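Some notes on the structure that comes next.
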Amino acid sequence: MRRAGLWIGVVLVAAVILAALVSLVWTPYNPLQVQPTQTLRPAGWPHLLGTDGFGIDILSRLLVGARTTVYVGVAAVSLAALGGVPLGVLAGMRGGWVSEIVLRVSDILYAFPALLLAILLAAAVGASTGTAMVAIGIASIPAFARVARAATLIVMTQDYILAARASGTSRWTTSVRHVLPNIAAVLGVQASVSFGIAILAEAALSYLGLATPPPTPTWGRMLHDAQTYIFTSPVQALWPGLAIALSVLGLNLLGDGLRDHLDPRLREAA
Amino acid sequence: MSPLLEVTDLRVAFGRSHREVVHGISFALEPGERLGLIGESGSGKTVTALAVMGLLAENAYVSGSVRVGGRELVGLRDRDLAPLRGQAMSMVFQEPMTALDPTMPVGRQVAEVLLLHQHLGHGVARGRVIEVLAEVGLEDPERVADAYPHALSGGQRQRVVVAMALINRPDLVICDEPTTALDVTVQAKVLNLLDAELDAVGASCLFISHDLAVVSQLCERVLVMLDGDIVEQGSLAQIFNSATHPYTRGLVATARLDAVEPGERLPTVEDYYQRQVRR
Amino acid sequence: MSLYEVSHVSRRYGRVGTAGSVLAVDDVSLSVEPGQRLGIVGESGSGKSTLVRMMAALDAPTSGEIRFNDEVVSRRAERDLGDLRSSVQLVFQDPRSSLNPRMRVGAIVTEPLRSRLLRASGQVPLDHRARLAEVLESVDLPIEVADRYPHELSGGQRQRVAIARALAPKPQVLIADEPVSALDVSVRAQVLNLVRDLVAAHGLTLIMVSHDLTVVRHVCDSVVVMRHGRVEEQGPSAQVYGEPRSAYTRELLASIPTFRVT
Amino acid sequence: MNLGRTVAVRLLVFAASLFVASMAIFLVVNALPGDVATAILGFGADPASVAGLRVRLGLDRPLLVRYLSWVGGMASGDMGRSYLTNESVTALVAPRIAVTAWLVAFSMLIAPLVALPVGMVAAVKRRSWQGAAASTVSQIGLSIPAFYAGILLVIVFAVGLRWLPANGYTDLVDAHGQWRPVAFVQHLVLPVTSLVIVQASVLTRYVRSAFVEVLSEDYFRTARAVGWTRWRALWRHGVRNAAISVVTVIGLQLATLLVGAIVVEQVFRLPGLGTALLSAVANRDLIVVQGIVMILVFAVLVINLLTDLSYLLIDPRLRNRDAR
């Protein structure tokens, strides 16, 4: 049963990435062209998913929306990993006050979910894709730091770390050849889970108008616009929400699938 | 007199692939008798013990017959088997450091075993708990009863586990490597304790270990298990002096380090028995 | 001049007086001569593992001094430990934990040869492939094992890989911390025979830590009995096992389960 | 007694975290480029009036002085005055706290009530279909954004079945002192449900993994060996041990719950802190933004403190040393 989950996850994530790539070169209709005469057409032909309140083909906007989602997700997770993992490994290997500081800082950062950070940044410098990405990235750093630290602590109890020291291997070489390869799988799980969280955060931000400004289509914004027609054509609101949910579901299933292949000792760190 | 524990053609398999780990073993245990079960890791000795107690994971498939005091246990629902555990049969496990609930004082965990099977007032139960903790050789049983597990040593915790296993005077006590995790001096004391308490309660015992010498301290008869089969059964004397199966002879030879001149080559199991599975 | 001079070494964990404070090793002094096979026995918490880890400079004593080849190695900077690290190698208890699961056997065994510190000390063989073949052969493992991962090997084979890693930089001293306790009985004798042959063949000095007195009596020519961080008794094996002076040693020996065949 | 020392340490850490958080909020809002006065008056405004506004709002004072006066004021409940309406931030924000508080409180109460049983079933029956079903449902619940769940609920229950209002809010006790429980609940059912769907799913996963771990512990096997059935052993010995890890999550989840509430408030047009915060952002009323974010962060840090302290009640091992 578990294996099925992993494959569904892979398929969903691949679909989202494919949509993002395809949208770079082709979309059924022009995703930005307003057609006053074609507004709110139902799903069917020629508009597979119908058109929105501005008369724009919904499928085309969904495909372009995937681009922002993937772009913000990958950027935010990379920022979070680059920020969190070294800190976590350092805290796990050095322990003592270093570890204590990393824990305290991540506790404080936990109190600043992505949305709050994005709100602060939007208030200070104005909302944009960049502020959303930075906010989500910084807010995800503690998750990576915590997981990296927990996994590193487990690896550091293994005798192959002592054996490396006994043969004069330097601390840096030990972290690169012994610690990182053994916590990579756990970080993979965290990356897919964080990617999912990043998508949810980006969707919420663009729903609130605190991320990519219009007219660039994003799933969150489409959901916000669709809400105004909720009484006349509620179906419209289904598609963007479904796109968000399915991509997050895909990433969570991917994360679960990877977690099952973890070395049992490291599993509780994930 | 009918045997207390009678196991006939016991088979245990796990998971969807029905990977069989115990291949149709049979043995019997008379009331008050002590039977040693010798085998290495992966021989199926612990699975056999857990099968008798009905404590295997849900994805385990058990077939054959296990009768304790004449009652068939294989196929019983957890609800019907539970009342027997801790009453008719009990078990002592290998690792004392993790055997007790870390969030509950030790005395209450022992009292639970009593109150689960007998209707007693809490005052009476407390008294009985202090009594049995003293019986298993714990100094200052009052303090031990109120202490949390993390405040006790490995040896003390194992004595508490033995107390829990014996408090309801069961007919059968299964010990799975009860002293392997203990220091050699503590092991000697716990083995003596088990020897005395099993007699006091008149219980029969299935004693599992990889260490022949430890088994010889408590048991008169021994089963030797290899890769899920019983390859030999016999009295201590038969097993040590005139074992028929090459694996048994190999085990006995390699276990007796003291019979070899220091510095000389030690006999290995492989000298007597070639295994297909690489060890 | 002794190979190892341990004088009045103590190791305390946690500050004095605080709740968790414990004196793991308490004023221990001993010496090890070249070619000697020293056994260090004691129960859990006796400090035997802590002592040998300090002798291998993997832990620093709170007080006292350890000299190796007449040079002080306790509390010495890592970069100055080249001689000790290349001359003293360790074998740990559990091969499931002492081999990096993500590394092939070949890389594991030759890791000491790649360490900058050991290469700088000049006593380490340079041709890794040749040395790898040599040490695998000396622990009765086929060369094909070099490309396999630890999880593909049995417990006995993994411990032989750990021994091969220890032999790779041609050490003078082999410290074995409970080398057979985690192995099945049937494999234990094979590994003990291997250790005995290697020590004899390469003229190594052996320091073996164990809680199993019969194993130590078989392999070692001299014994140190430890209890609560202190040395209870030490001397040639024949004397310590034959006429033990300390009551504790006598109790230890009496506790060993013997074959009671009625 | 060490417990006192441990509590004191935790309080100290709480105070320090609060201080650092306030500094972070202040710096992000005030130190970053972009002048507030020009933002409010628009880029075309003439420099003189911009300078006048800066003086009136006290923006010309050095950063440190402004920070200290802000923090000093907060200690006595005064969070400064709105740049736009000059109304006291505290007065503006106070009535809205109750709305968000109700939303979050109900969700924090209901989510565990749902997650505990579902999580336990998912753990105990993990090899049978009930376990798989529970895990799949929680997996899907985890993937749905709270505001999408809200919109779906509105489509079904408000637009479709017309059982509940699509949006709006009625206070428990309205302006005339009248008790309006029915209207109050009607307006909160859908918002709370949309938050609970996500929260319960997250908690279910943690409850499931906590109980799966308990089921594999030696003391659980001991409990069954002495005569408890699987379920009774779980209640006697499993719940308290699992609670240790579940409590942590409830603390960590509050931050995401607050964020969910902010977004859900927009879906259902609830006049809570979120709505106030977003309009302050739109109007560049930074002093209000600062104030509200500080309140939200304060709430999360308080809950984290309470979670840490509750550790000590549940896990006896921690009582005598400050182990994290």
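The values are calculated or read from the model by the stated rules, or taken from the named source; none is laboratory data. Here the structure is a predicted model, which is why all the values come from computation and not from measurement. Every residue, glycine as well, gets a Cβ built from its backbone with ideal geometry; the counts of neighbours run over all protein chains shown. We work out accessible area using only protein heavy atoms, side chains counted, and drop any ligands, DNA or RNA first. Shrake-Rupley method; radii C 1.70, N 1.55, O 1.52, S 1.80 Å.
Is the range A:162-179 home to any residue that is in contact (Cβ under 8 Å) with a residue 24 or more places away in the chain and over 30 Å from residue C:109 (Cα atoms)? No, the conditions are met nowhere in the range A:162-179. Residues in the range A:67-109 that are acidic (Asp, Glu) and farther than 16 Å from residue A:139 by Cβ: A:100 alone. Select, from C:130, C:120, the only residue that is within 12 Å of chain A (Cβ to nearest Cβ) and surrounded by fewer than 17 Cβ atoms within 10 Å (Cβ to Cβ). Criteria check complete, one pass: C:120. When residue B:46 is tested against the conditions (1) without any contact (Cβ under 8 Å) to a residue 60 or more places away in the chain; (2) of a type in the set (Ser, Thr, Tyr); (3) out of contact with any Ser or Thr (no Cβ under 6 Å at 6 or more places or on another chain), the lone failure is (1). Selection of the range C:156-199 for residues being open to solvent by less than 10 Å² (accessible area, probe 1.4 Å), in contact with a helix residue (DSSP H, G or I) (Cβ under 6 Å, 6 or more places away or on another chain) and part of a loop (DSSP other than H, G, I, E, B) yields C:168, C:169, C:180.
Looking only at the range B:68-113, residues that are open to solvent by 40 Å² or more (accessible area, probe 1.4 Å), among the charged types (D, E, K, R) and touching a Pro at 6+ places or on another chain (Cβ under 8 Å) come to 0 in all. Would you mind stating whether residue B:47 is surrounded by 17 or more Cβ atoms within 10 Å (Cβ to Cβ), under 21 Å from residue B:205 (Cβ atoms) and within 11 Å of chain D (Cβ to nearest Cβ)? In short, no.
For the range B:18-39, the set of residues classified as surrounded by 19 or more Cβ atoms within 10 Å (Cβ to Cβ) and part of a loop (DSSP other than H, G, I, E, B) consists of B:39 only.
Counting only helices (runs of 4 or more DSSP H) that fall entirely inside the range B:62-167 and contain at least 3 residues that are at the interface with chain D (Cβ under 9 Å from one of its Cβ atoms), the qualifying elements are B:78-81, B:96-99, B:106-117, B:154-166. Restricting attention to the range A:108-133, the residues that are facing chain D (nearest Cβ under 10 Å) and either in contact with an Asp or Glu (Cβ under 6 Å, 6 or more places away or on another chain) or surrounded by fewer than 20 Cβ atoms within 10 Å (Cβ to Cβ) (or both) total 2. Taken together, the residues in the range C:134-155 that are in contact (Cβ under 8 Å) with a residue 40 or more places away in the chain and outside any helix (DSSP H, G or I) amount to 5. In the range C:139-146, the condition of being surrounded by fewer than 22 Cβ atoms within 10 Å (Cβ to Cβ), of a type outside the set (A, V, I, L, M), touching a helix residue (DSSP H, G or I) at 6+ places or on another chain (Cβ under 6 Å) and within 21 Å of residue C:96 (Cβ to Cβ) is met by no residue.
Please indicate, with yes or no, whether at least one residue in the range D:46-56 is under 23 Å from residue D:282 (Cα atoms), more than 25 Å from the chain's Cα centre (by Cα) and touching a residue at least 60 places away in the same chain (Cβ under 8 Å). The answer is no; no qualifying residue exists.
Here the condition is being within 30 Å of the chain's Cα centre (by Cα), of a type in the set (S, T, N, Q) and assigned to a helix (DSSP H, G or I); of D:100, D:85, it holds for D:100 alone. Reported count of residues in the range B:203-220, each being surrounded by fewer than 20 Cβ atoms within 10 Å (Cβ to Cβ) and either at pLDDT 95 or above or away from chain C (no Cβ under 12 Å) (or both), is 0. Just so you know, in the range C:54-82 the residues that are free of Cβ contacts under 8 Å to residues at least 40 places away in the same chain and under 14 Å from the mean Cα position of the chain (by Cα) include one that is surrounded by the most Cβ atoms within 10 Å (Cβ to Cβ), and it is C:57.
Candidates in the range C:211-251 are the residues that are of a type in the set (Ser, Thr, Tyr) and either surrounded by fewer than 17 Cβ atoms within 10 Å (Cβ to Cβ) or over 15 Å from the mean Cα position of the chain (by Cα) (or both); of these, the one that is nearest to residue C:39 (Cα to Cα) is C:237. The residues of the range A:211-229 that are open to solvent by less than 10 Å² (accessible area, probe 1.4 Å) and at the interface with chain D (Cβ under 9 Å from one of its Cβ atoms), listed by number, are A:220, A:223, A:226. Here is a check on your reading of the model: is residue C:200 among the aliphatic types (A, V, I, L, M) and more than 13 Å from chain B (Cβ to nearest Cβ)? No: the conditions fail for residue C:200. Of the residues making up the range B:194-202, at least one is touching a Pro at 6+ places or on another chain (Cβ under 9 Å) and surrounded by fewer than 23 Cβ atoms within 10 Å (Cβ to Cβ). For residue D:233, the conditions (1) over 24 Å from residue D:138 (Cα atoms); (2) touching a residue at least 24 places away in the same chain (Cβ under 8 Å) are fulfilled apart from (2).
Checking D:124, D:50, D:118 one by one, the residue that is surrounded by 13 or more Cβ atoms within 10 Å (Cβ to Cβ) and within 30 Å of residue D:190 (Cβ to Cβ) is D:118 and no other. Would you confirm whether or not the range D:142-150 contains a residue that is among the small types (Gly, Ala, Ser) and out of contact with any helix residue (DSSP H, G or I) (no Cβ under 7 Å at 6 or more places or on another chain)? Looking for residues that are among the small types (Gly, Ala, Ser) and out of contact with any helix residue (DSSP H, G or I) (no Cβ under 7 Å at 6 or more places or on another chain), one finds none in the range D:142-150, hence no.
I want to confirm something. Restricting to the range B:174-193 and keeping residues that are open to solvent by 10 Å² or more (accessible area, probe 1.4 Å) and part of a loop (DSSP other than H, G, I, E, B), which single residue is farthest from the other protein chains (Cβ to nearest Cβ)? Ranking the candidates gives B:177 first. Can residue C:86 be described as facing another protein chain (nearest Cβ under 8 Å), of a type in the set (Gly, Ala, Ser) and either touching a helix residue (DSSP H, G or I) at 6+ places or on another chain (Cβ under 8 Å) or surrounded by 18 or more Cβ atoms within 10 Å (Cβ to Cβ) (or both)? So residue C:86 passes the test. Cβ-Cβ distances below 6 Å connect the following pairs, each with a first residue in the range C:1-20 that is within 20 Å of residue B:151 (Cα to Cα), a second residue that is modelled with pLDDT under 95 and among the hydrophobic types (A, V, I, L, M, F, W, C), and a separation of six or more residues or different chains: C:13/C:22; C:13/C:24.
Selection of the range D:207-227 for residues being touching a His at 6+ places or on another chain (Cβ under 8 Å) and over 17 Å from residue D:246 (Cβ atoms) yields D:219, D:223, D:227. Can you tell me which condition residue A:242 does not meet? The list is (1) under 20 Å from residue A:79 (Cα atoms); (2) without any contact (Cβ under 8 Å) to a residue 60 or more places away in the chain, and all the others hold. With respect to (1) under 20 Å from residue A:79 (Cα atoms); (2) without any contact (Cβ under 8 Å) to a residue 60 or more places away in the chain, residue A:242 is out only on (1).
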